């Protein structure tokens, strides 16, 4: 019988659902030493927390997160709150020796992230940040191919994350479902929300970023605040793009926005190596595009691999070749990997420390956006 | 609190997993009067049945399906056996007044299917056949668009289901995982396995088929039988295509094969109407291609709709626009629709009677393949 | 200096333009022993013939084709008339010892085609039929790959040619620009116009067709005739699809229609071999899709080759990699190949005899469409 | 009869062919007051010039460009030399009152370009720069749609031009066919060669660029020089990307490189407006992708318009819907537009002055690449 890992969930929003689904499903498909148990949930709104607990089968509702992180029947704390609460909760949970799984981005800024890393490393607790896109099978497969060395010298890495859901000036900011538009709760706009994903994947696939020059923009300058009812200045970045160098000498180009009409959640990346290039996007998440210069000259082209075979990452756990899985499975995979690392007492990536590097790049980007200077990471 | 619908599962193979997953997940995402309870499982191999029950959380294992269909604590029987057992089990389950969910194709042939329909209709039990592809959101969306009348007069319907997994002559036939190559267990080859899906969708979207001319082929004539160890003639159809007329005057063209190198599970359909055409395929299951003649002349083109918005079928239950779900969700949707129909005491489509029409077309196709004549359905 | 090949053109319609362009451009790009000279044009309407001659630089206009085929300053006759005149002109031109380039389809039917072949073979004149799609670089490249044997045993060949330009019942039939809707001028509808292309390519790539079963349809039963002004029955086939066997044991599936809303000129083919599959379509004519089973298992996928490199067929004559050529270039290539064969006194394919085989399949298809029986070719 | 426009061509390279083809073909397809006459060619290498003249039908070869620009039987000078000769020739040709068609980029740098503009404007001669991609039908169509105002407020413009032909360190620089790698002949690397196209289109479609921050890179630091035989430092930019603001408040992101393995000549652009977005790329040059927010909510998607209909720009001159034209036709269109403007004594765009604005942006980009500062245009 698998051993229980008792989860204390903080938050009940979109990510609370995605993580809970990951915990509930993992043992149906993966054979692991530990199995998650949905022990308790804590959240600001007790009625909503109750409803969430009932739906997902959490054993009980705690009235506040302080109680949850101190509860003796909890092994791991999952932080699904707005970003401005990550640090406080993580540091407190670390004091209680809990394993911590924190939503991305790690923190409001680098200095806060450093305090978090110090706390969890001092406490020596297992920790992980939910940069889930690493676990889309096609993305993991890209990592395997890159690590095999087949690409040769890398020249270019480019990524963007394009959305269009905040174009209307009538959309309010702040409050339930909309805290991502409120800099006080989110820290930043698209940089922490979208670019952070791109940067996490980029560092994972292509190594460290050394310096950046960025451009940020807020297209809609004022919005009604959902909580106060007042029109208030918008202080997040609606769009942010940057150029950079990687430590391996390759050039990077990143863009994110919520004003690219026609794109819902178009996260894409491409990496160009001397001998091979790879390309992926989230809208067709099962396909990895590969160009292999080793093919015979007249037979070269971009190959669209439908990453659904049994010898593709994670896919032996699911159905048969050709049959797709979806977005939510990236969380199942991350839970599985976390549990495996937990059992082996090894780090589960991305750790808080890994995520801190992404935070540093984000901060450099935001600073460059303000200073109009190249900024070293 | 939701009322329980206690499931008795027969079989533990690929479809047993897919259905079980549907039962387990539906209540996390859908608000329904009934919730499935995984009560018991029966299967030939008790050890495997036990392992399956443990993994999925079935309450107990029954030693044979006869006990299961008679058990008083079972509300619904799910038949996931090879095709040659569908009839016997369904008829027996109907006698015990159980609701019945039967894997497709309904039966080994039309006459067997007719006996099944007679039995369940006499017993008056809820019934459904698992033609799950109807519940892929993009396919259901196609149905909504067609039903709206926007296509105008229909001229053409074409579908194919292309696979390549049996090309090797070394692949044995029969036995666990390979009964689909054994006509005694499967009834037919690609016709019942693949074309049946295409025909079910076609009838649903475009109405009845009146007559067919077909071509069938068995490329590999002999294979070792997995159970006997002997080389035996292969009696299934490896490939089958047919032309047909629909009752609405449109022309149909269907093809299925397991010898189309490069296609894993490429189910595609296209329908051409006077004013609009639609196109879909299973490898990129979230996309519905639409051509709308009402667009301004120079602005016409095929539009790729990423069917992931809240106003697309079923998608309000899942994540946010742009984020994909997968193959398995079609079963969750079918469970949800079944439970809703069950609560309202309405038929859940496709019923056994619906599936019998597909069986009639399959039989006409197989007969035409042999007689080399046009055959009326 | 290149030697002249003096062209006598009959007809000034769409194909007259396409061929003339081929003749005029070939020597700018290909180094050949012969160069075409636009000597004279003959056509029914003298004013239009004059205008055509002026635009394209033909030396003179002949009042009728009889004079043209007899003219001593003409080396080659190009037949761009409606189909019902092909035979008469070709047979007469052969008598005068002219080389003959005839638009496809060769003839109104097989028996007429046989008379044509007999005439030109008796006369021993160079001859060719304008099945131009063989000379799209990606199609020629497909031929090279197939001939290399890389596909292994062939299982399937499928092709369709989908258009939508005759859906409106208000479109008249017959007369200038619309003779393709008039069976008296065209012989048949989509079978001779569209399927003939598919069949020519199929035979070229995959060998002979042995037997067929077909379905034909005329969706719009009556149309006003452009010349008589009367509503008359439509006697062409608006749509035609068929199943067939090839001599190599593979299965064929063909479809053509002018009622597939959304498709302008979508000629596509796909061939599935044991080890490799190929796919092409006319709307994206520079791309050849290739699936290679020899790729490493997890690296398999459909590769889109942009057939624009110097080592792709014909492409060394044009621009640089990545830069597209178009539809019209297939005619330039066919002229170049004809001139090269002409200089070497070798057959230029497809010859009249090659085209006669396509005619035989067309006739079998039309007969099967009427008899509702399988028909041997 | 059309009046002659007697062309004096300088250069016989890739662009000499592309332009000559444009001149020779235009009158077969377009009805214009003027028709180009290939009067004479001048180039450094007399043997090659002779060969070129013979192939394309130029009336004679001039021993040097100075004679050509002074020749009384020449109406228009076409400059197809390496970039470092543009200014000298154009200024001299202007003095002789010739119309001037100059290859892009206009000049080696802005100050040189200013002298050229001053000279041609003082002389009052017709002038044009060959930014040919404006005349790809899908690109012109994009311009028409943007000018119609349907996009609403513009938020983003992004473009890249990706190639991979200089990755090998063994490729020499300088000399015939390779002067684009030699800064002395080319002025810059990808900035003038590739980005200049992107910038020209961007300004045309989206207005002026106000300021930029750029990153340039030379991946291969030394190459053998083809003329000297010596290994010499490479001083061009192998890759260049930049961020910018447009005057209309939208954000720009541009990238070009010759080190993006897998991309032959992938020029792409995308523009995101409040109500509509457009997307195009050169590898599939006939397709314009359009997302229209005015479509019904659940029917929104990216539409792929095959820009081959008679009501698409230039396409009424060619074949029928669905049949592609290619790269070279953009030059035919540009010739046609030039001739039309010439007849009406109107400017033919892009004029030298238009091209100077592109030059200014290129210079700002190159400067920013060196200074690591934002630079105003």
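The values are calculated or read from the model by the stated rules, or taken from the named source; none is laboratory data. Note that this is a predicted model, so its numbers are computed, not measured. Glycine gets a Cβ as well: all are built from the backbone with ideal geometry, and neighbour counts include every protein chain shown.
Among the residues that make up segment C:26-36, is at least one of them under 20 Å from the mean Cα position of the chain (by Cα) and either outside the structural domain of residue C:325 (by TED's automatic domain parsing) or closer than 22 Å to residue C:181 by Cα (or both)?
yes
Hey, among A:329, A:306, which residue is at pLDDT 95 or above, crowded, with 20+ Cβ neighbours inside 10 Å, under 21 Å from the mean Cα position of the chain (by Cα) and within 14 Å of chain B (Cβ to nearest Cβ)?
On inspection, the qualifying residue turns out to be A:329.
Which residues, taken from segment A:312-326, are within 13 Å of chain B (Cβ to nearest Cβ) and part of a loop (DSSP other than H, G, I, E, B)?
A:312, A:314, A:318, A:319, A:320, A:321, A:322, A:323, A:324, A:325, A:326, listed by residue number.
Here is a check on your reading of the model: is residue D:155 more than 19 Å from the chain's Cα centre (by Cα) and touching a residue at least 24 places away in the same chain (Cβ under 8 Å)? If you could, list the steps in order and put the result at the bottom.
Working: more than 19 Å from the chain's Cα centre (by Cα): yes; touching a residue at least 24 places away in the same chain (Cβ under 8 Å): yes.
Taking the combined requirement at face value, the residue satisfies it.
If you take the residues in segment A:124-139 that are over 18 Å from residue A:194 (Cα atoms) and outside any helix (DSSP H, G or I), which one is farthest from the chain's Cα centre (by Cα)?
Only one residue fits best here, namely A:124.
Checking the conditions here, which among A:68, A:32, A:38 is outside any helix (DSSP H, G or I), modelled with pLDDT of 95 or more and either over 17 Å from residue A:337 (Cβ atoms) or out of contact with any helix residue (DSSP H, G or I) (no Cβ under 6 Å at 6 or more places or on another chain) (or both)?
On the way: A:68 fails: outside any helix (DSSP H, G or I); A:32 fails: either over 17 Å from residue A:337 (Cβ atoms) or out of contact with any helix residue (DSSP H, G or I) (no Cβ under 6 Å at 6 or more places or on another chain) (or both).
Only one candidate qualifies: A:38.
Name the residue that is farthest from the other protein chains (Cβ to nearest Cβ), counting only residues in segment B:281-303 that are part of a loop (DSSP other than H, G, I, E, B) and closer than 24 Å to residue D:308 by Cβ.
B:294
So residue C:185 fits all but one of (1) at pLDDT 95 or above; (2) outside any loop (DSSP other than H, G, I, E, B); what number is the exception?
Looking at each condition in turn, residue C:185 falls short on (1).
Yes/no matrix, rows are residues, columns are (1) in contact (Cβ under 8 Å) with a residue 12 or more places away in the chain; (2) in a helix (DSSP H, G or I); (3) under 17 Å from the mean Cα position of the chain (by Cα); (4) assigned by TED's automatic domain parsing to the domain that holds residue B:268:
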{"position": "B:72", "(1), (2), (3), (4)": "no, no, no, no"}
{"position": "B:84", "(1), (2), (3), (4)": "yes, yes, yes, no"}
{"position": "B:89", "(1), (2), (3), (4)": "yes, yes, no, no"}
{"position": "B:92", "(1), (2), (3), (4)": "yes, yes, no, no"}
{"position": "B:107", "(1), (2), (3), (4)": "yes, no, yes, no"}
{"position": "B:115", "(1), (2), (3), (4)": "yes, yes, no, no"}
{"position": "B:122", "(1), (2), (3), (4)": "yes, yes, no, no"}
{"position": "B:141", "(1), (2), (3), (4)": "yes, yes, no, yes"}
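Can you find even one residue in segment C:2-16 that is surrounded by fewer than 22 Cβ atoms within 10 Å (Cβ to Cβ) and assigned to a loop (DSSP other than H, G, I, E, B)?
Yes, some residue in segment C:2-16 is surrounded by fewer than 22 Cβ atoms within 10 Å (Cβ to Cβ) and assigned to a loop (DSSP other than H, G, I, E, B).
Could you please give the count of residues in segment A:236-260 that are within 14 Å of chain B (Cβ to nearest Cβ) and more than 18 Å from the chain's Cα centre (by Cα)?
Adding up the residues that qualify gives 1.
Can you tell me which of D:136, D:100 is more than 14 Å from chain A (Cβ to nearest Cβ), under 22 Å from residue D:336 (Cα atoms) and touching a strand residue (DSSP E or B) at 6+ places or on another chain (Cβ under 6 Å)?
Just one listed residue meets the conditions, D:100.
At pLDDT 95 or above and within 24 Å of residue C:33 (Cβ to Cβ), is that true of residue C:315?
Working: at pLDDT 95 or above: yes; within 24 Å of residue C:33 (Cβ to Cβ): yes.
In short, yes.
If I ask for residues that are outside any loop (DSSP other than H, G, I, E, B) and more than 30 Å from residue D:159 (Cβ to Cβ), which ones from segment A:143-161 would you list?
Those that are outside any loop (DSSP other than H, G, I, E, B) and more than 30 Å from residue D:159 (Cβ to Cβ): A:144, A:147.
Does residue B:263 fit the bill of being under 22 Å from residue B:195 (Cβ atoms) and within 14 Å of chain A (Cβ to nearest Cβ)?
For residue B:263, the condition - under 22 Å from residue B:195 (Cβ atoms) and within 14 Å of chain A (Cβ to nearest Cβ) - is met.
Determine whether segment B:337-345 contains at least one residue that is modelled with pLDDT of 95 or more, under 23 Å from residue B:288 (Cβ atoms), in contact with a strand residue (DSSP E or B) (Cβ under 7 Å, 6 or more places away or on another chain) and away from every other protein chain (no Cβ under 12 Å).
no
Among the candidates C:77, C:154, C:146, which residue alone is buried (at least 22 other Cβ atoms within 10 Å of the Cβ), closer than 30 Å to residue C:293 by Cα and touching a helix residue (DSSP H, G or I) at 6+ places or on another chain (Cβ under 7 Å)?
The match here is C:154.
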